[in-house]
Amino acid sequence: MLLVSDGHRIGDGLVQRVKQSSELGIEYEHNRFVLFANVSSDVLISPDGNSIVVGKLFHRHGNPAQVRQLENGDSSLVLKTEGRHLIERFWGSYVAAVSAAGKCHVLRDPSGGAPCYYGRGGHLTAFASEAALLVDTGFVSPSVDWEVVGRALFRPHLPLGQTAVSEPAPKVVEQYQYVVIQSVLREME
């Protein structure tokens, strides 16, 4: 789970609540985000501390071994391109966060192999690999739309244009999509 602030300090009470309700440990803290994880071997942190990659990352060309650390040149290009360098030069199953110029960009690998959901709570946007984690930690509180459930049961073979989960439900970071926290905050308010 990644908590990203829109500029406010992430409170210790919230951090403790997430740790208790998720049983995840703090992997990394930055001025804009806190990363909770249970598998630290799949977390890459750039030397400057402004980029995090969670998941498996491999060079698109050259050495086929898993990347365990971003080199300074790659790290600066990831920052300069707001994460696009990852998509152009690497492959794998990952979610990345890049903090640059007062914004935080969160992106998912083009294959869509790493799930990523997000929700809003207060001045934070939370990203998680499981939608249930966002619910358990209180960032989203979805409810059942019983009218949609009734239509699905009445005509089970007809596709519906919506799900039976009412807003606010966890949103999915789509493939090739960049979620810029400032834009997400305006969109969700």
Original post:
Can you tell me which of GLY62, GLY122, GLY102 is closer than 22 Å to MET1 by Cβ and either modelled with pLDDT of 85 or more or surrounded by fewer than 16 Cβ atoms within 10 Å (Cβ to Cβ) (or both)?
Top reply: GLY122
**OP:** Please work out if SER51 is more than 18 Å from GLY113 (Cβ to Cβ), among the polar types (S, T, N, Q) and touching a His at 6+ places or on another chain (Cβ under 8 Å).
**Re:** no
Original post:
All but one of (1) without any contact (Cβ under 8 Å) to a residue 24 or more places away in the chain; (2) in contact with an Asp or Glu (Cβ under 9 Å, 6 or more places away or on another chain); (3) of a type in the set (S, T, N, Q) hold for ASN63; which doesn't?
Top reply: (2)
**OP:** Out of LEU79, LEU86, report the one residue that is touching a strand residue (DSSP E or B) at 6+ places or on another chain (Cβ under 6 Å), surrounded by fewer than 21 Cβ atoms within 10 Å (Cβ to Cβ) and assigned to a helix (DSSP H, G or I).
**Re:** LEU79
**OP:** Scan region 160-169 and give yes if some residue there is surrounded by fewer than 19 Cβ atoms within 10 Å (Cβ to Cβ), touching a helix residue (DSSP H, G or I) at 6+ places or on another chain (Cβ under 8 Å) and at pLDDT 80 or above, otherwise no.
**Re:** no
Original post:
If a residue has to be free of Cβ contacts under 8 Å to residues at least 12 places away in the same chain and either within 19 Å of GLY92 (Cβ to Cβ) or small (Gly, Ala, Ser) (or both) to count, how many in region 13-40 make the cut?
Top reply: 2
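The values are calculated or read from the model by the stated rules, or taken from the named source; none is laboratory data. All of these numbers come straight from a predicted model, not from anything done at the bench. Cβ coordinates were reconstructed from backbone atoms using ideal geometry, including for glycine residues, and neighbour counts include every protein chain displayed.
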